[in-house]
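Encoded as structure tokens, the structure appears first; notes follow it.
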Amino acid sequence: MNSHYLRAQMLIDQGRHQQAEKELRQSLAVDPNDADSHAALALCLAERERYAEASQSVETAIGLAPDDAFSYYVQAFVYAQRNRFVESEAAIRQAIELEPARADYYALLAQILAARAKWQPALEVAEEGLRIDPEDVECGNVRARALAKLRRTGDAQVSLDASLAREPENSTTHANIGWISL
């Protein structure tokens, strides 16, 4: 991995997708066949609602490295951003098949299932992610939403309290607490 890619990762972590895009384009100028850079670029483009470009970039990444789970994760994210949940679910399941020990992959699958109001499967997938990483806040949040929708608000509140303790400034956790309070 070159220095442009590493800087881009840092910028993505900070939510600075426009700057990360520039670094990733420089990374691809150095190595146009770097699947990781294509996938990360797709993520940045999707965050900036440039979905057609994001789809092209992630397809390139998958073509270059068809066994790379991260590329399928990004493809699932791009599809989910476009409310194409059937395709999104297929892509994230492929990512999980390739790399089953990533809680964040289960979190995205749980979010996709929740978006389709499949609350029991969303709960089960979120709990699977929490078995991998008990401190994964996104899995905890989806678990809480699913529990609330399944009318298990007490369990949902316990889950949210745990998520809030891990990441006190997570806006999704605060929003979920508000919804459950209503």
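The values are calculated or read from the model by the stated rules, or taken from the named source; none is laboratory data. Treat the numbers as computed from the prediction; the structure is a model and nothing was measured. With ideal geometry, Cβ positions are generated from the backbone for all residues, glycine too; neighbour counts draw on all protein chains shown. For accessibility, only protein heavy atoms count, side chains too; no ligands or nucleic acids. Shrake-Rupley method; radii C 1.70, N 1.55, O 1.52, S 1.80 Å.
Quick notes on this structure:
- The listed residue being more than 16 Å from the chain's Cα centre (by Cα), open to solvent by less than 30 Å² (accessible area, probe 1.4 Å) and of a type in the set (Gly, Ala, Ser), out of SER159, SER181: SER159
- Of the residues making up region 114-142, those that are without any contact (Cβ under 8 Å) to a residue 24 or more places away in the chain, assigned to a helix (DSSP H, G or I) and more than 14 Å from the chain's Cα centre (by Cα) are PRO121, GLU124, GLU127, GLU128, ARG131.
- Pairs where the first residue, in region 79-101, is within 18 Å of GLU59 (Cβ to Cβ) and of a type in the set (Ser, Thr, Tyr) and the second is at pLDDT below 95 and open to solvent by 70 Å² or more (accessible area, probe 1.4 Å), C-beta under 8 Å, 6+ apart: none
- Pairs linking a residue in region 50-71 that is over 15 Å from ARG93 (Cβ atoms) to a residue that is open to solvent by 60 Å² or more (accessible area, probe 1.4 Å), with Cβ atoms under 6 Å and 6 or more positions apart or on different chains, are TYR51/ARG82; LEU64/ASN33.
- Any chance PRO100 is more than 25 Å from HIS17 (Cα to Cα), open to solvent by 70 Å² or more (accessible area, probe 1.4 Å) and assigned to a loop (DSSP other than H, G, I, E, B): yes
- Within region 9-57, being open to solvent by 70 Å² or more (accessible area, probe 1.4 Å) and either of a type in the set (S, T, N, Q) or more than 18 Å from PHE77 (Cα to Cα) (or both) holds for MET10, GLN14, GLN18, GLN19, LYS22, ARG25, GLN26, ALA29, VAL30, PRO32, ASN33, GLN56.
- ASP67 meets each of the listed conditions (1) in a helix (DSSP H, G or I); (2) open to solvent by 50 Å² or more (accessible area, probe 1.4 Å) apart from (1).
- So GLN111, is it in contact (Cβ under 8 Å) with a residue 12 or more places away in the chain, open to solvent by 30 Å² or more (accessible area, probe 1.4 Å) and more than 26 Å from LEU24 (Cβ to Cβ): no
- Any hit, region 146-169, residues being closer than 27 Å to ALA42 by Cα, outside any loop (DSSP other than H, G, I, E, B) and touching a helix residue (DSSP H, G or I) at 6+ places or on another chain (Cβ under 8 Å): no
- Neighbours by Cβ (under 8 Å, 6+ apart or cross-chain): first from region 25-47, under 13 Å from THR60 (Cβ atoms); second in a helix (DSSP H, G or I) and basic (Lys, Arg): LEU41/ARG25
- Evaluation of ALA52 against (1) under 30 Å from HIS4 (Cβ atoms); (2) part of a helix (DSSP H, G or I); (3) in contact with a helix residue (DSSP H, G or I) (Cβ under 7 Å, 6 or more places away or on another chain) (one fails), failing number: (3)
- One residue stands out in region 162-178 among those that are open to solvent by 70 Å² or more (accessible area, probe 1.4 Å) and not acidic (Asp, Glu): the one that is nearest to ASP133 (Cα to Cα), namely ARG166.
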